[in-house]
Amino acid sequence: MYDIIIVGGGVIGCSVAKTLSKYDKKIALIEKNYEICQETTKANSAIVHGGYDCKPGTLKAKMNVRGNAMYPELSKELDFTFNKIGSLVLAFSQEEMKTIEELYQRGLANGARDLEIIDAKRVKEIEPKVSDEVVGALYCGSAGVVDPFNLTYAMMENAMDNGVELFTETELIGLEKNSEGILVKTNKGDYQAKYVINAAGLYSDKVANMGGDFDFNIIPTKGVYRLFDKKKGDNLNTVLFQTPTERGKGVLVTATYDGNTMIGPTSDKIGTVEDTTTEAESLAVIDRLGKLSVPSLNPKNTIRVFTGVRAKPDTGDFMIYASKNMEGLVHCGGIESPGLVSAPAIAEYVEEILIDNGMDTKKKSNYNPKRKGIVRISELTNEEKAVKIKENSAYGKIICRCETVSEGEIIEAIRRNAGAKTVDGVKRRVRAGMGRCQGGFCGPRVIEILARELNIDPTEVRKDLSGSKIVERHLKK
């Protein structure tokens, strides 16, 4: 019997878990994949939007602006990377400058902070690599970029530190109202809960249907990205958007939280949420549009291309509300962009809904809101490295040369609450395999460490999702 069960281990579900963990409640989060952070949260633009783009009066606008204000303090509290580098919406004609003015006024209506319309000279001072064709821009100083992986892990680690239970490889198959609350049916047995939070992302409409609610449908929308080598000189200072048109927002060119440059995404409606294929045609589109903003971009400096699928709702707004047909069920559906920046605000909003629906607010006496991240040996001084290696010699053995990641960091990533179970899980936590060779050197070593720490055979180690085993068999056998 649980007081609250959260369905979905993406950034929304983990944010809700962290926020509710301060209450004296028995809480569990169930996730159908091997780890948390394996779907939309793992493949997105990683941008903390300023809040000027959303239509005034929408939940998107409210959650975006509130979430943006929460990030600076939250990143310190939970020790994840958030760089407030600002953003520019670029205009290349006087006609586009009219749209810039509209965005500025929309931002003011939404309560977005640190907005300014600037001329071409100021644009080039902020970002010298922008095209000389630029006429002006909307500057937003409160925008930035975040490490979406360790943001999500930080939320879940803190939630588990405060008593939340995590069940992975546990897929929801049904919900049933009974006298005790809601019976949560899964592939690993049934759970009982007073409240259920639907944070199932791409499947949130299906979970809503289980509760008798048919207010929205998810239109899975695919976006393709290209990531550049940060050592090849394509690095930027800020986030660059193009002026939106009737055809869409265009393609962004952005600095990432760790210093790479990234372009994308496309926006293609697809028939299945599992379609993460990356087509050459889509890459050609983002290359062409990206060069409109930064002409010097060179696709030859690519280290990775990837595709993410976002949960676009047919309603056009976030669907966060208490079920109309199943008491105790709360939906967080249709969380597309700006969902990442909105996550902590959405968690607050869910908290308010639960309280309005009768949840008592007794808090834990021993609640700890803070979490310490994994030490990155590459960021330490020589003196600090010496101390760390003396404490544990594994920090002196470099496994990933591109990103200077030690065995000690990888072991810690695996052993932590909600720890890594896959090669990509290690990569997202400590960046082993994120560099130029994309795991060509360190991959086999990461597999060895995972097998040893998880006490499994190397043939059982997965790259990421189901069906992604890397090692086929032992040659000597």
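The values are calculated or read from the model by the stated rules, or taken from the named source; none is laboratory data. Predicted model, so just to flag it, every value in this text is computed and none were measured. Glycine gets a Cβ as well: all are built from the backbone with ideal geometry, and neighbour counts include every protein chain shown. With ligands, DNA and RNA removed, areas are computed over all heavy atoms of the protein, side chains included. Shrake-Rupley method; radii C 1.70, N 1.55, O 1.52, S 1.80 Å.
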Among the listed pairs Lys32/Lys476; Lys390/Lys421; Lys121/Lys231, give every one whose C-alpha distance is greater than 32 Å. Lys32/Lys476
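How would you rank 293-305, 330-342, 2-14, 25-37, highest first, on the average number of other Cβ atoms within 10 Å across their residues? Please report the intermediate quantities before stating the final value.
On the way: 293-305: 16.0, 330-342: 26.6, 2-14: 28.2, 25-37: 22.7.
Per-residue Cβ counts within 10 Å, averaged per peptide and sorted highest first, yield 2-14, 330-342, 25-37, 293-305.
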Protection-proxy order for peptides 401-414, 122-135, each taking the mean of Cβ atoms within 10 Å per residue, highest first: 401-414, 122-135
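Where does each of 359-367, 382-390 land if you order them by average Cβ count within 10 Å, highest first? Mind dumping the intermediate values first?
Details: 359-367: 10.8, 382-390: 12.6.
Output ranking for 359-367, 382-390: 382-390, 359-367.
For a quick check of your reading of the filter: which trypsin sites (Lys or Arg not before Pro) in the stretch 209-297 sit in a DSSP loop and have no more than 11 other Cβ atoms within 10 Å?
Values: sites: Lys222, Arg226, Lys230, Lys231, Lys232, Arg247, Lys249, Lys269, Arg288, Lys291; in loops: Lys230, Lys231, Lys232, Arg247, Lys249.
Here the sparse-neighbourhood loop sites are Arg247.
Once Rh for the chain is found with the Kirkwood sum over Cα pairs, what is the Stokes-Einstein diffusion coefficient at 10 °C and 1.306 mPa s, in µm²/s? Let's see the in-between values first.
Numbers: Rh = 23.2 Å.
In µm²/s, the coefficient is 68.
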How large are Rg and Dmax for the stretch 377-460 when calculated on the C-alpha trace, in angstrom? 12.4, 39
Could you give the dipole magnitude of the chain about its Cα centre, charging the beta-carbon of Lys and Arg +1 and that of Asp and Glu -1, in debye to the nearest 20? 1340 debye
Name the aspartates and glutamates eligible as straight-distance cross-link partners of Lys129: C-alpha to C-alpha under 14 Å, and not fewer than 8 places from it in the same chain. Asp234
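Quick one: compute the contact order of the chain, relative version, from alpha carbon pairs under 8 angstrom and 6+ residues apart, as a percent.
Numbers: 1069 pairs, mean separation 93.7, N = 477.
The normalised contact order for the chain reaches 20 percent.
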The aspartates and glutamates whose Cα lies under 12 Å from the Cα of Lys177, excluding any fewer than 8 residues away in the same chain, are Glu327
Using alpha carbon centers only, the stretch 425-464 is separated from the stretch 104-121 by a whole-angstrom value of 44 Å
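As a check on your grasp of the helix formula, calculate [θ] at 222 nm for the chain: sum -39500 (n - 2.57) over DSSP H runs of n ≥ 4, divide by the residue count, round to the nearest 500. The partial results should precede the final answer.
On the way: 12 runs with 146 residues, N = 477.
For the chain, the value works out to -9500 deg cm²/dmol.
Rounded to the nearest whole Å², what accessible area per residue is found for the stretch 97-137 with the 1.4 Å probe? Spell out each step's value before the answer.
On the way: 2290 Å² over 41 residues.
On a per-residue basis, the stretch 97-137 sits at 56 Å².
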Under the Cβ-under-4.7 Å rule, which cysteines of the chain stay unpaired? Cys14, Cys37, Cys54, Cys140, Cys332, Cys402, Cys437
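On the accessible surface of the stretch 167-219, probed at 1.4 Å, how many percent belong to carbon and sulfur atoms? Show your work: numbers first, answer last.
Numbers: 1110 of 2280 Å².
For the stretch 167-219, the apolar C and S fraction of the accessible surface comes to 49 percent.
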Rg followed by Dmax, in Å, when the stretch 220-358 is reduced to its Cα trace: 18.2, 57
Excluding residues fewer than 8 positions from Lys60 in its own chain, the lysines with Cα under 26 Å of it are Lys18, Lys22, Lys42, Lys76, Lys84, Lys98, Lys206, Lys222, Lys249, Lys269, Lys312, Lys324
Going by Cα centres, the stretch 145-205 and the stretch 11-62 are how many Å apart? 12 Å
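Run through every distinct alpha carbon pair of the stretch 1-61 and return the Kirkwood hydrodynamic radius in angstroms, one decimal place.
Values: mean 1/r = 0.0730 Å⁻¹.
When all Cα pairs of the stretch 1-61 are included, the Kirkwood radius is 13.7 Å.
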